[in-house]
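My questions all concern the structure below.
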Ligand SMILES: [Zn+2]
């Protein structure tokens with residue numbers, strides 16, 4: 001059964017490790033992430049962007065697939081199904097469809113409107129036993145066609161949003177989505193430290209986990225990051241393994257064109273990437 005992300009993140013923050021959010025795109029992605037989590041006894045968050053939700057034909061399909069797969073695979077570790085960068089309308093649709101967690105990305109609204117909408121969604125999610133993530137300071141990179149650079153959030157705004165009763169908070173600390181440019185300045189630990197000073201035990205969320213050096217990830221965890229989002233890296237692993245299979249001509253050998261064979265190396269590659277991240281984040285064995 002799906003659970004809210006609150007308990008697993010509070011435990012992670014207290015235990016100085018982070019839980020990975022791995023975005024899913026289809027059945028293979030979901031299977032790879034769930035199998036990795038179960039095998040390594042790690043709590044996990046399945047992230048679904050609005051675009052991926054649409055691709056999978058809608059949120060109800062996602063909920064049905066994830067719930068069914070968890071039962072069929074006998075998953076025992078805590079799993080949260082979380083809307084990533086949700087709009088106000090998207091959050092409401094996911095609450096209705098049976099997600100266990102949502103992120104309301106109100107970072108593009110003026111702070112007053114972000115506060116008003118977040119307050120309303122906090123009340124609804126609390127009543128349903130779901131968790132909610134809020135974002136302060138926009139996180140750069142390309143997300144659904146919007147390109148930005150790594151901004152730093154205002155710690156006072158973070159405190160104001162945290163006080164609304166959200167369960168986790170994403171603050172921009174120079175991180176960006178997608179691949180990092182060669183001239184990237186790195187994470188702003190001063191900002192992260194200032195945010196944690198003001199928000200206390202609130203689990204902080206690091207978006208754009210792909211390509212941040214391991215030592216920066218580890219330092220961010222010591223400064224209160226308890227959830228790290230990984231998306232692009234699994235996509236790159238999948239594409240790389242699939243390309244190798246095709247380039248080696250394996251789809252032309254015997255029944256190598258069978259999708260169950262064609263997609264197998266990519267699926268295994270996602271699983272390997274997820275396990276590698278769980279090791280780095282320190283979440284392995286935390287669901288035992
Ligand atoms: Zn993000």
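The values are calculated or read from the model by the stated rules, or taken from the named source; none is laboratory data. Here the structure is a predicted model, which means the values were calculated and not measured. For neighbour counting, all protein chains shown are included, and Cβ atoms are generated from backbone atoms with ideal geometry for every residue, glycine included.
Taking residue 20, is it in contact with a helix residue (DSSP H, G or I) (Cβ under 8 Å, 6 or more places away or on another chain), within 16 Å of the ligand (Cβ to nearest atom), in contact (Cβ under 8 Å) with a residue 12 or more places away in the chain and not in a helix (DSSP H, G or I)?
Taking the combined requirement at face value, the residue satisfies it.
Can you tell me how many residues in segment 93-111 are touching a strand residue (DSSP E or B) at 6+ places or on another chain (Cβ under 6 Å), within 14 Å of the ligand (Cβ to nearest atom) and not in a strand (DSSP E or B)?
Residues flagged as touching a strand residue (DSSP E or B) at 6+ places or on another chain (Cβ under 6 Å), within 14 Å of the ligand (Cβ to nearest atom) and not in a strand (DSSP E or B) within segment 93-111 amount to 2.
Next question. If I ask for residues that are touching a helix residue (DSSP H, G or I) at 6+ places or on another chain (Cβ under 8 Å) and away from the ligand (no atom under 16 Å from the Cβ), which ones from segment 217-232 would you list?
218, 219, 221, 223, 224
Tell me the residue from 179, 255 that is under 19 Å from the mean Cα position of the chain (by Cα), surrounded by fewer than 21 Cβ atoms within 10 Å (Cβ to Cβ) and outside any helix (DSSP H, G or I), please.
179
Quick check: is even one residue across segment 221-228 in contact (Cβ under 8 Å) with a residue 40 or more places away in the chain, closer than 26 Å to residue 174 by Cα and in a helix (DSSP H, G or I)?
yes
Scan (1) in contact (Cβ under 8 Å) with a residue 60 or more places away in the chain; (2) away from the ligand (no atom under 15 Å from the Cβ); (3) over 24 Å from residue 286 (Cα atoms) for the single condition residue 49 breaks and write down its number.
Result: residue 49 fails condition (2) only.
Checking the conditions here, which among 226, 171, 162, 239 is surrounded by fewer than 19 Cβ atoms within 10 Å (Cβ to Cβ), at pLDDT 90 or above and under 30 Å from residue 50 (Cβ atoms)?
Every option except 239 fails the conditions.
Within segment 72-92, how many residues are part of a helix (DSSP H, G or I), more than 16 Å from the ligand (Cβ to nearest atom) and over 17 Å from residue 24 (Cβ atoms)?
As a first pass, look at segment 72-92 and keep what is part of a helix (DSSP H, G or I): 72-73, 88-92.
Now restrict to residues that are more than 16 Å from the ligand (Cβ to nearest atom): 72-73, 88-89, 92.
Right, trim to over 17 Å from residue 24 (Cβ atoms) and you get 88-89, 92.
Residues flagged as part of a helix (DSSP H, G or I), more than 16 Å from the ligand (Cβ to nearest atom) and over 17 Å from residue 24 (Cβ atoms) within segment 72-92 amount to 3.
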